[in-house]
1. Rounded if a/c is under 1.5, else prolate if a/b beats b/c, else oblate: with a ≥ b ≥ c from the C-alpha gyration tensor eigenvalues square-rooted, which is the stretch 1-102?
2. So, by mean Cβ neighbours within 10 angstrom, what's the order for 146-153, 117-124 with the highest one leading?
3. Distance between the C-alpha centers of the stretch 69-94 and the stretch 148-172? Whole Å please.
4. For LYS120, give me every one of the lysines with a C-alpha distance below 21 angstrom, ignoring sequence neighbours fewer than eight places off in its own chain.
5. Under a straight-distance cross-link criterion of Cα-Cα below 16 Å, which lysines are reachable from LYS153, leaving out those fewer than 8 residues away in the same chain?
6. What is the gain in length, in nm to one decimal, between VAL42 and ALA56 on full extension, counting 0.36 nm per residue of separation less the C-alpha to C-alpha distance?
7. By how many nm would the segment from PHE8 to LYS76 lengthen if fully extended, with 0.36 nm per residue of separation less the alpha-carbon distance?
8. Tell me, what is a quarter of the convex hull surface for the C-alpha atoms of the stretch 103-175, in nm² with one decimal?
Amino acid sequence: MHAPHRKFPTLASLSASQIAAIRTIPPHGQAAVHTTEARRPVGIFIAPDHYARERAEVFRKVPVAVTLSSMLPEPKMFLALDAYDLPILLSRGEDGQVKAFLNACQHKGAKVVERADAFKGGRVSCPYHAWTYNLAGELAGVPRQEVFPSLDKHEHGLAPLACHEAGGFIWVMLDREAEPDFSAITPNWWAISTPWACPMRTCSATSDSRSMPTGSWSSSLSSRATTCRGCTRLPLAACLPMSPPS
């Protein structure tokens with residue numbers, strides 16, 4: 001079986017502002033290295049109950065970056081991924097706007113999309129009973145709808161998640177009940193953030209974008225605060241301005 005084909009940004013695909021941002025990155029030998037001598041109990045890195053609290057009180061309450069914008073490079077595309085144990089389906093509509101949903105069919109709860117790569121399409125169908133959804137997450141088709149005489153398709157679309165696209169990332173609120181607040185995420189958030197502020201340490205060029213960390217956030221971070229885990233000699237900022245060129 002061949003690995004899914006992926007599109008990766010190249011210099012020719014970047015905008016002038018993205019290239020200018022990359023050229024501001026200092027050489028590896030001149031990059032600042034942030035260190036700390038603090039000690040922490042090992043349990044905060046590996047204890048399941050500690051991670052459960054982090055997931056409930058941190059990752060589900062604030063926006064998290066689930067993938068790079070460049071992983072949905074064109075309109076009318078879908079991408080399924082798992083973010084902190086939650087199945088998510090992203091779509092980029094014909095207007096270029098990104099939407100996020102729980103990747104769970106409203107019929108029996110099965111994953112609507114199981115493939116890991118981004119793909120073009122106007123609709124997706126659940127492999128279980130072929131309920132079909134469009135790019136807006138609306139229920140567009142139900143086989144043998146006559147057996148569901150009271151079904152209102154307008155009330156059975158995919159469960160939406162608040163999302164926002166900025167700084168080359170797609171950000172999602174994982175808790176549907178939490179008040180979404182994307183005010184701190186600006187187009188140049190990465191330029192003013194500390195190295196530890198980036199929640200995504202894996203370079204798109206060397207990793208499978210389907211899965212975000214499923215363990216403690218601390219164990220997912222690179223030991224080098226200024227470098228990307230996927231390309232250990234490249235400063236982290238080089239992996240950030242990867243949104244589609246404007």
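1. In terms of gyration-tensor shape, oblate.
2. Ranking, from highest mean packing down: 117-124, 146-153.
3. Measuring centre to centre over Cα atoms gives 12 Å.
4. Counting by Cα, and skipping residues close in sequence, LYS120 has these lysines nearby: LYS7, LYS76, LYS99, LYS111.
5. By straight Cα distance, LYS153 reaches LYS108.
6. The VAL42-ALA56 span can extend by a further 3.0 nm.
7. 22.7 nm
8. Averaged projected area of the stretch 103-175's Cα convex hull equals 5.9 nm².
Coordinate-derived values only; no laboratory data. No experiment lies behind these values; they were computed from the predicted model shown. Note that each Cβ is placed from the backbone with ideal geometry, even for glycine, and that neighbours are counted across all protein chains shown.
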